[in-house]
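Single-structure report; data block below.
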Amino acid sequence: MKTETLEILRCPYCGGRLELVESLFHRRTAGEIQEGILGCQCCIFPVVDGIPVLHLLPAATTARDQMQAGRPDLARRTMVGVEDEAAAAAFEAVAASDAATYRETVEALGPNFEGGYFLYRFSDPTYIVAQAVTRAVGATVLGGGRRAIDVCGGSGHVTRTLLDLSSTPPVLADLFYAKIWLARRFTAPGCEPVCCDGNAPMPFVRGAFSLAMCTDAFMYIWTKRQFVGEMERLVDASGAVLIGHTHNERTWSPSHGQPLSPEGYAALFETIEPRVFAEAGLFADVVKGGPLDLSRRDPADTLDHDPALTIVASRHPGVYARHPLQMPTAAVGEFRLNPLYVPADAPGNASEGLRLRLRFPSEDYEQEYGACRVYLPEEVALDAAVTASLAAGRLSPEIVELVRRKVIVDLPKRYY
Ligand SMILES: [Zn+2]
């Protein structure tokens, strides 16, 4: 972690400032704390492989004891959750390799770690809406040294869309240490990860951020009232709170969680007036190429019948507007063919270019994310000029259109 991040960190329990305890085991450079123990008035917390762990769940207290004993290697094993010697060795081998991919690292973390669908995340319908809303709101309220936080951001897929919106790196907060470790390494390189509990007060100073966001996770938060109160506390006067893709108590969806009704969500906001959007309308905006219309006011009936809602709360006058969708000018990582496409011709038959066919990894995937058929064509032919541009990393008009359709996706380097 950057030493200067201590300026915005606070103990989640006493609210006190945190400082490196110099008398205990630590490793630091001029600007960064690699390993060590942070102390406030009430507790001490470990920094494990550059990630502050600001909660007191059992793994965190075990890792803290291991760090105090001068064993950062064991503390990292504990936080990553590799139980036995074989699993720990497999993880440490990929962690030590500069060539290991995201996929290999996920596989080393075991079959229950990430679900099977991370490969397809960047083109799924939930993601493309989250990405568009995050960039529209983020571009309005961020800029310069203003900072964003992605709470419950998991392995950083949405955090990634914040990286170029300010000069100060976004904070990625999640309880799941292994996920934020992966995010810093692959998905959102340069982000500042903080391991903390979304059901506890958030370990940051008031007004530290201009954007506080949470996507695809809020329906699993039990302490919703506290969570929203904390999000409101974290943003400055012209900042924004964004809760993307939260389920709707009135319409069933897979992985339902414990959702509220649209007005139940709105009532959680006590200091900034929110607007609730039905995700279907935002999805239609994105599919037709924009603009993303955050000036709309969805009627109650539209909200009641949408399985997923997006909530935006801000005093910034530019937020509730029609936002053009930005077209890519360069890859954040690298442009690659969407892995949902497989060659349509037998090997050797394709004389020029490439014919591709959409193929879902499973029926479950198709049920949950089948709405991607709206923008992903069943078949697509790439001529030789396009495949050459793609291989050379050249952004031709044809490539831009394929990126817009998600046939080509901007993937993190060394993703799979
Ligand atoms: Zn404290």
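The values are calculated or read from the model by the stated rules, or taken from the named source; none is laboratory data. Here the structure is a predicted model, which means the values were calculated and not measured. Cβ placement follows ideal geometry from the backbone for every residue including glycine, while neighbour counts extend to all protein chains displayed.
Brief remarks follow.
- Candidate set from the stretch 16-34 (those that are under 28 Å from the mean Cα position of the chain (by Cα) and among the charged types (D, E, K, R)); member that is nearest to the ligand (Cβ to nearest atom): Arg17
- Given (1) surrounded by 20 or more Cβ atoms within 10 Å (Cβ to Cβ); (2) out of contact with any Lys or Arg (no Cβ under 9 Å at 6 or more places or on another chain); (3) not hydroxyl-bearing (Ser, Thr, Tyr), number of the condition Arg146 does not satisfy: (1)
- Restricting attention to the stretch 373-397, the residues being more than 19 Å from Leu358 (Cα to Cα) and in contact with a helix residue (DSSP H, G or I) (Cβ under 6 Å, 6 or more places away or on another chain) number 2.
- One residue from Ile37, Ile51, Ile44 being at pLDDT 95 or above, within 17 Å of Cys195 (Cα to Cα) and more than 15 Å from the ligand (Cβ to nearest atom): Ile51
- Residues that are in contact with a helix residue (DSSP H, G or I) (Cβ under 8 Å, 6 or more places away or on another chain) and either surrounded by 14 or more Cβ atoms within 10 Å (Cβ to Cβ) or of a type in the set (Asp, Glu) (or both), drawn from the stretch 248-262: Asn248, Glu249, Arg250, Thr251, His256, Gly257, Pro259, Leu260, Ser261, Pro262
- Single condition Thr302 does not satisfy, out of (1) modelled with pLDDT of 95 or more; (2) of a type in the set (Val, Ile, Thr); (3) over 30 Å from Ser261 (Cβ atoms): (3)
- Identification of helices (runs of 4 or more DSSP H) wholly contained in the stretch 45-131 with 2 or more residues that are under 18 Å from His157 (Cα atoms) yields 102-108.
- For the stretch 1-15, the set of residues classified as surrounded by 14 or more Cβ atoms within 10 Å (Cβ to Cβ), of a type outside the set (Lys, Arg), outside any helix (DSSP H, G or I) and within 15 Å of the ligand (Cβ to nearest atom) consists of Leu9, Cys11, Pro12, Tyr13, Gly15, listed by residue number.
- The set of residues in the stretch 264-301 that are under 25 Å from Phe227 (Cβ atoms) and of a type in the set (Val, Ile, Thr) comprises Thr271, Ile272, Val276.
- Selection from the stretch 383-416 of residues that are in a loop (DSSP other than H, G, I, E, B) and either in contact (Cβ under 8 Å) with a residue 60 or more places away in the chain or over 14 Å from Ala330 (Cα atoms) (or both): Asp383, Gly393, Leu395, Arg405, Lys406, Val407, Pro412, Lys413, Arg414, Tyr415, Tyr416
- Residue in the stretch 248-269 that is closer than 17 Å to Ala130 by Cβ and part of a strand (DSSP E or B) present: yes
- Leading residue by the ranking (nearest to Met219 (Cα to Cα)) among those in the stretch 97-123 that are in contact (Cβ under 8 Å) with a residue 40 or more places away in the chain and buried (at least 20 other Cβ atoms within 10 Å of the Cβ): Glu114
- When Arg160, Arg184 are checked against the criterion of being under 26 Å from Pro111 (Cβ atoms), in contact (Cβ under 8 Å) with a residue 60 or more places away in the chain and in contact with a Pro (Cβ under 6 Å, 6 or more places away or on another chain), a single residue qualifies: Arg184.
- Residue check, Leu282 under 23 Å from Gln131 (Cα atoms), within 22 Å of the chain's Cα centre (by Cα) and modelled with pLDDT of 95 or more: yes
- Condition check for Met67: touching a residue at least 60 places away in the same chain (Cβ under 8 Å), of a type in the set (A, V, I, L, M, F, W, C), away from the ligand (no atom under 16 Å from the Cβ) and crowded, with 20+ Cβ neighbours inside 10 Å: no
- Checking the stretch 79-87 against the condition returns a match, with at least one residue being within 29 Å of Leu119 (Cβ to Cβ), buried (at least 16 other Cβ atoms within 10 Å of the Cβ), in contact with a Gly (Cβ under 8 Å, 6 or more places away or on another chain) and of a type in the set (Gly, Ala, Ser).
- Evaluation of Val241 against the conditions (1) assigned to a loop (DSSP other than H, G, I, E, B); (2) closer than 27 Å to Glu7 by Cα shows that the sole unmet condition is (1).
- Test: Glu398 is of a type in the set (Asp, Glu), surrounded by 13 or more Cβ atoms within 10 Å (Cβ to Cβ) and either within 30 Å of Ala95 (Cα to Cα) or touching a Pro at 6+ places or on another chain (Cβ under 7 Å) (or both): no
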